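Q: The structure follows.
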């Protein structure tokens, strides 16, 4: 019996399966971030942090395996970050939302510009559009003074991982899933920024 070629619908379903996070990783990570959030943060911030944690666990897991950040993660994180800015801003929610939208736009534009410059200079894609979309989420979730910390943590961890891999395997052309480092950095920095004084 010969294999039947996949229809377009079947091929799309098969491709989408790999964009789901590993259930064990997802549920364990989401439970851990929720537990930490409710232990240390006020309830509204803990709810937001738990949602962000679940999204970032999913994004990191998929990107680590597939070198892709699903839109459900990046766009979901941006939308929920804007909602969190509205609901967590006590005095003027609309201003909080507007400022978060400006930060999201600025962060995405900055990373898109860096992506474009790298591609023009090197002739290869260094950052994917998923990373650019995730930058919008970073801008939506984090206060301005914490955005650079998030990128610094992620870049440092990614460079250390690439260097270790290159040293161990003597392979110098390594593709790193930057989103797999940006996702946990975003949750961690948001968690720290939301801690009560």
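Please treat every number below as a calculation from the coordinates, not as lab data. Bear in mind that the values here come from a model prediction, so they are computed numbers and not experimental data. Cβ placement follows ideal geometry from the backbone for every residue including glycine, while neighbour counts extend to all protein chains displayed.
Q: Using only Cα atoms, tell me the angle between helix 8-17 and the longest principal axis of the chain; keep it within 0 to 90° and round to the nearest 10.
A: It is inclined by approximately 60 degrees.
Q: Once you put a point 7 Å from the Cα of residue 192 and another 7 Å from the Cα of residue 83, both along the Cβ direction, what distance in nm separates them?
A: Modelled inter-label distance: 2.7 nm.
Q: Can you give the Rg to Rh ratio of the chain, both from alpha-carbon atoms, with Rh computed by the Kirkwood formula? Kindly include the intermediate steps, with their values, before the conclusion.
A: Numbers: Rg = 18.2 Å, Rh = 17.8 Å.
My calculation puts Rg/Rh at 1.02.
Q: May I pose another question? Compute the distance in nm between two label points, each set 7 Å from the Cα along the Cα-to-Cβ direction, one at residue 152 and one at residue 18.
A: It is 3.6 nm.
Q: To the nearest 10 degrees, how steeply does helix 23-40 sit against the main Cα axis of the chain, on a 0 to 90 scale?
A: For helix 23-40, the angle is close to 20 degrees.
Q: Something else about it: Gain in length, residue 161 to residue 120, computed as 0.36 nm per residue apart minus the alpha-carbon separation, to one decimal in nm?
A: Values: separation 41, 0.36 × 41 = 14.76 nm, distance 2.56 nm.
Gain on stretching residue 161 to residue 120: 12.2 nm.
Q: Restricting to Cα pairs below 8 Å that are 6+ residues apart, what does the relative contact order work out to for the chain? Please round to a whole percent. Mind showing how you got there, number by number?
A: Working: 241 pairs, mean separation 47.7, N = 197.
The normalised contact order for the chain reaches 24 percent.
Q: Another question about this same structure. Could you work out [θ]222 nm for the chain from helices alone, using -39500 (n - 2.57) per DSSP H run of at least four and dividing by all its residues? Round to the nearest 500 deg cm²/dmol.
A: Working: 8 runs with 156 residues, N = 197.
It lands at -27000 deg cm²/dmol.
Q: Could you work out how far helix 93-122 tilts from the main Cα principal axis of the chain, as a 0 to 90 degree angle to the nearest 10?
A: Helix 93-122 sits roughly 30 degrees off the main axis of the chain.
Q: Would you mind telling me which residue in 113, 176, 79 has the biggest mean-square fluctuation in a Gaussian network model of the chain, where springs connect alpha carbons within a distance under 10 angstrom?
A: Answer for the Gaussian network model of the chain: 113.
Q: Given R₀ = 35 Å, what would the calculated FRET efficiency be for residue 65 paired with residue 95, taking r from the Cβ atoms and rounding to 0.05?
A: Details: r = 40 Å, r/R0 = 1.14.
Once the sixth-power term is evaluated, E becomes 0.30.
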